[in-house]
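Taking it in order: structure first as structure tokens, then the write-up.
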Amino acid sequence: MRSTLLAVAIATGLGFTSFSAVAATQKAPAKVSVDAATLEQMQAQLAALQAKVAELESKQDAQADAQVETAKVINEVQVASAKPTDDLAKKLDKIDKLVSNTKIGGTMFFDFTNVDHKEYAANGPGKKVDGHGAVNGTGFDVKRFYLTVDHQFDDIWSANLTTDFNYVSAISQTSLFVKKAYVQGKFDPLFTVRFGAADMPWIPFVEKWYGYRFLENTITDRSFEGGRAGSTANAGGVGAFGNSSDWGIHALGATTGDNSINYQLSVVNGRGFRNPSRSDSVDAEGRFAYSPIEQMVVAIGGYTGKRGNDVTNGQPTRDASRGDFMVAWRDKTFGIGGEYFHAENWDDILKYTGTGTAPLSVKDKADGYSLWADWKFLPQWAVFARYDSLDYKYTTPTNIDRKLKDTYYNAGVSYDVLKNLKLALAYKHNDLEGPALTKYEYKTNEIGFWGMLSF
């Protein structure tokens, strides 16, 4: 279009020039003649002008085509560059959601203490011996290091992974394992379901009210002996009577405030979080608690099952059982509580059929209680104390009843260094007396610093 206008303008200019020449000729009184040379020159100039017009038209057409191609390339570049930007934005959005919905935390229990462990055989003097869960000397230990990852998928579904690491310098022991790994669906405050390895109903619940788990396990979870073992009474002792976590299905719920309730029912493998093995039957543990006021709780619980020992072509079994009771009070400055349990056949699940090597015991039962209290006399300072007593009775294959008596207590002062760092200077004492017919006793005294760091 631009070339056409240019051609029209040139032609108009030529026409005007011709018109002026004619007009001038008409005004002239004398006759003007145009010779052949002049006419030929004018025709040559007109041809040159036409050629230039054609050249300009060609250049303008090429320029227009180039502009179209350039615009097309720019558009393609913009589209191509927009795609990576959109993909990057989507990826960044996913990362932001992942980070916002994921929480990472940790808790470490550590100590620096001195242990004095002595064992007494029959009526002989006490001798320092490394054994029965105690090691003499001074050392720094990381008893537990929990690393936790929580991820919220939506308003209902979430997942938890908690690893457990511990290192004991005195015996150079290091272990790393999964304590909790579950998927959770929270459908209502009174109905949440967890699938996998998760907290059991009783021990973690008591730990929250006790408040000094970093210093010592609760009575059903405490074991200085590592469990009863060996073929004689002297080789055995008092072990734990429960698991803090196990593999299975867990249903729980709670209300808050005064006149609140909470409960949990777990159907599990029975061997604890360290051993996710199978058996022909499952175990069950439950808890129900009531808080007449927010600072107080009354709880009952129980456990029944074969603790993972019911296997195909295995030895005949009986059920292990445990009943629990706790009452506790805790506010901002004062805490006090007590726990009691009764267990039967916790160790003697396998029935002795009268063949093969006779076991140490064919049936057992235990009764134990724990009392504790702490008082925060200053904003960051508190004093605390605890006393445990346990009677463990078992019957030999020859129907002789024997008894182990375990007494434990601790006391100390704690200091909140930071919001997430607590230190305690404490003293512990443990005394186990063996059966009367084969007198045996050990005493352990431990003093030092214990701490808990969480983030």
Check your understanding: Just one of 313, 309 is surrounded by 18 or more Cβ atoms within 10 Å (Cβ to Cβ), assigned by TED's automatic domain parsing to the domain that holds residue 330, at pLDDT below 95 and more than 14 Å from residue 248 (Cβ to Cβ); which is it?
Key -> 309
Point to revise | Selection within region 189-223 - surrounded by fewer than 19 Cβ atoms within 10 Å (Cβ to Cβ) and either in contact with a Gly (Cβ under 7 Å, 6 or more places away or on another chain) or of a type in the set (Phe, Trp, Tyr) (or both) | key: 189, 190, 191, 192, 193, 195, 211, 223
Practice item. Take region 401-423 and flag every residue that is surrounded by fewer than 21 Cβ atoms within 10 Å (Cβ to Cβ) and more than 21 Å from residue 239 (Cα to Cα). Key: 411, 413, 415, 416, 417, 418, 419, 420, 421, 423
Exercise for review: Select from region 405-443 the residues that are touching an Asp or Glu at 6+ places or on another chain (Cβ under 7 Å), of a type in the set (Ser, Thr, Tyr) and farther than 16 Å from residue 212 by Cβ and list them in ascending order.
Suggested key: 407, 442
**Study point:** Identity of the residue in region 145-163, part of a strand (DSSP E or B) and free of Cβ contacts under 8 Å to residues at least 24 places away in the same chain, that ends up farthest from residue 221 (Cα to Cα)
**Key:** 161
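Taking the options 330, 322, name whichever one is touching a His at 6+ places or on another chain (Cβ under 9 Å), of a type outside the set (Gly, Ala, Ser), closer than 30 Å to residue 384 by Cβ and touching a residue at least 60 places away in the same chain (Cβ under 8 Å).
Sole residue among the options that is touching a His at 6+ places or on another chain (Cβ under 9 Å), of a type outside the set (Gly, Ala, Ser), closer than 30 Å to residue 384 by Cβ and touching a residue at least 60 places away in the same chain (Cβ under 8 Å): 322.
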Study note, to complete from the structure: Restricting region 256-307 to residues that are under 15 Å from residue 190 (Cα atoms) and of a type in the set (Phe, Trp, Tyr), the one farthest from the chain's Cα centre (by Cα) turns out to be 290
Review point. Applying the selection to region 334-347, what residues are assigned to a loop (DSSP other than H, G, I, E, B) and of a type in the set (D, E, K, R)?
Key: 347
Check your understanding: Within region 348-378, which residues are within 23 Å of residue 204 (Cβ to Cβ) and not in a strand (DSSP E or B)?
Key -> none
**Study point:** Residue that is at pLDDT below 95 and outside any strand (DSSP E or B), where the choices are 142, 178, 99
**Key:** 99
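The values are calculated or read from the model by the stated rules, or taken from the named source; none is laboratory data. Note that this is a predicted model, so its numbers are computed, not measured. When we count neighbours, we look across all protein chains shown, and the Cβ atoms used for this are built from the backbone with ideal geometry, even at glycine.
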